[in-house]
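Below is one structure, written out as structure tokens; the observations come after it.
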Amino acid sequence: MTSKTWNTTVFIHLPGEAEAVPAGQLTVEEEGPRVISSTFGYGKRYLERQNAAPIDPSSLGLEGALPGNKQLYEPVNDLVMFGAVRDSMPDSWGRRVIENKMKVEPNSLAESEYLMQSGTNRFGALDFRSDAFAKAETKALPDISELPYLLEAADKVQNHEPVPEHLRQLFDAGPSMGGARPKAVVAHKGRAWLAKFEAKDDAFDVPSIERACLELARKCLLTVPETEILTVSGGKKVMLIERFDRELLPSGEFARRHVVSALTLLGLHESESPKSSYAAIARRIAVVGAKGSVMQDSEELFGRMIFNILVGNDDDHLRNHAFVWDVKRKGWTLSPLYDVLPKPQQGTDRFLHLSVGAQGRLATLDNALSHAGQFGIVPHRAKEIVDRIASEVREWRTFFELEIGLSTATCDKVASAFRKPSEIGG
């Protein structure tokens, strides 16, 4: 199989700035579609910046960092790709959009090709260009008025049909964000949003239920971006969630916030996610968290774990937790909550993706409380957090029907996902 070396200049949008600056050079060795190894060298001028951010918190920290002419860095833990670069790449849905655009078979492109084809609307603040003097691509986000066209194009991709010329907005708006479900980035109210669509094999109204869950989390005093639900194109539902990695500047341009997943924060491979835990994230927060927010973020993370247990969300893998760089406090803060969806099921014993406590992934409140100390939370405070969230989630159906406006039939389809606190240690 043919090997090749691929080089790109990594740019980063620093806090409050609309224009990205070059941070260093990424070199990737590929064999066919597979990455074999990668190295990164910081630019000397970038390291001299007072507001420089570490490109990758596990592999490319700034403390003691040397420029690329003195030292090239490799990913930690024998990873072949830097986590922060991986976070910038499209997942399953984005890859299908790119493959449709390029008329190729699924998973047939090199990773470098997926990265470069994903566009500039990708997650976080990184950008990838041919050299340090290359200009950024500038394409306006589609407005929500274009959602019918984006939905029609998304249906074509799901059905493995070519997307016609008049629907090709999706090729700019669709491939840049992670996850397996159909989605696109759009402009709304002068801000940047992620529009999440129905999928053809959905068993229930996923956009409406996800939005209701996020609003229930807000009621539990968890941190959640603004959300909306829209009905377009013959009754199809679209959930809008504001992008927390974008910030509108007074000039009307968007600044980008440097964000990495918990997978990257821990320096792990995706296959290691099921072996990790909420406590492992909390311990990492204690090391790299922004000064003054460590306790707050640890309690928030603990609360999200409790919420996931009670609503039956087992899609809580390490890429569904994220951290934002705080330039003033030189540390990482927990991002707002996202990707929360109940999973209807009948089993008595339930499990999350990540380990919860002394009994591993078992989704009970007793198990969660068993490791509260590893979050730095004393027992009585942990119980207060559990009680606060349980008291709201136990009334989920009333909230969904009366405040969110969902039908009884829609709620019935997900009712088996929700747990009664009294049955699992509450």
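For the reader, a short list of remarks on this structure follows.
- Listed by first and then second residue, the pairs with beta-carbon distance under 8 Å, at least 6 apart or on different chains, first residue in the stretch 126-150 and within 23 Å of Gln25 (Cβ to Cβ), second assigned to a loop (DSSP other than H, G, I, E, B) and β-branched (Val, Ile, Thr), are Leu126/Ile55; Asp127/Thr120; Ala136/Thr120; Glu137/Thr120.
Quick grid of which residues meet (1) in contact with a helix residue (DSSP H, G or I) (Cβ under 7 Å, 6 or more places away or on another chain); (2) charged (D, E, K, R); (3) surrounded by fewer than 17 Cβ atoms within 10 Å (Cβ to Cβ):
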residue	(1), (2), (3)
Leu72	no, no, yes
Asn77	no, no, yes
Ala84	yes, no, no
Asp87	yes, yes, no
Trp93	no, no, no
Tyr114	yes, no, no
Gly119	yes, no, no
Phe123	yes, no, no
Phe128	yes, no, no
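- Test result for Lys183, surrounded by fewer than 19 Cβ atoms within 10 Å (Cβ to Cβ) and not small (Gly, Ala, Ser): no
- Residues of the stretch 180-219 classified as under 29 Å from Ile306 (Cβ atoms) and either out of contact with any strand residue (DSSP E or B) (no Cβ under 8 Å at 6 or more places or on another chain) or assigned to a helix (DSSP H, G or I) (or both), total: 19
- Odd one out for His166, checked against (1) farther than 30 Å from Ser391 by Cα; (2) surrounded by fewer than 23 Cβ atoms within 10 Å (Cβ to Cβ); (3) in contact (Cβ under 8 Å) with a residue 24 or more places away in the chain: (3)
- Val340 without any contact (Cβ under 8 Å) to a residue 40 or more places away in the chain and of a type in the set (A, V, I, L, M): no
- In the stretch 352-393, the residues that are closer than 19 Å to Pro342 by Cβ, touching a Leu at 6+ places or on another chain (Cβ under 8 Å) and either among the β-branched types (Val, Ile, Thr) or not in a helix (DSSP H, G or I) (or both): Leu354, Val356, Arg361, Ala363, Val386, Ile389, Val393
- If you go through the stretch 24-65 and keep only what is within 20 Å of Lys328 (Cβ to Cβ), touching a residue at least 60 places away in the same chain (Cβ under 8 Å) and buried (at least 17 other Cβ atoms within 10 Å of the Cβ), you end up with Ala53, Pro54, Ile55, Pro57.
- Qualifying residues in the stretch 1-52 (those that are in a strand (DSSP E or B) and of a type in the set (Gly, Ala, Ser)) - the one nearest to Thr138 (Cα to Cα): Ala23
Read-outs throughout are calculated quantities, based only on the coordinates presented, and are distinct from any laboratory measurement. This one's a predicted model, so the numbers in the text were calculated from it and none came from an experiment. Neighbour counts run over all protein chains shown; Cβ positions are idealised from the backbone, glycine included.
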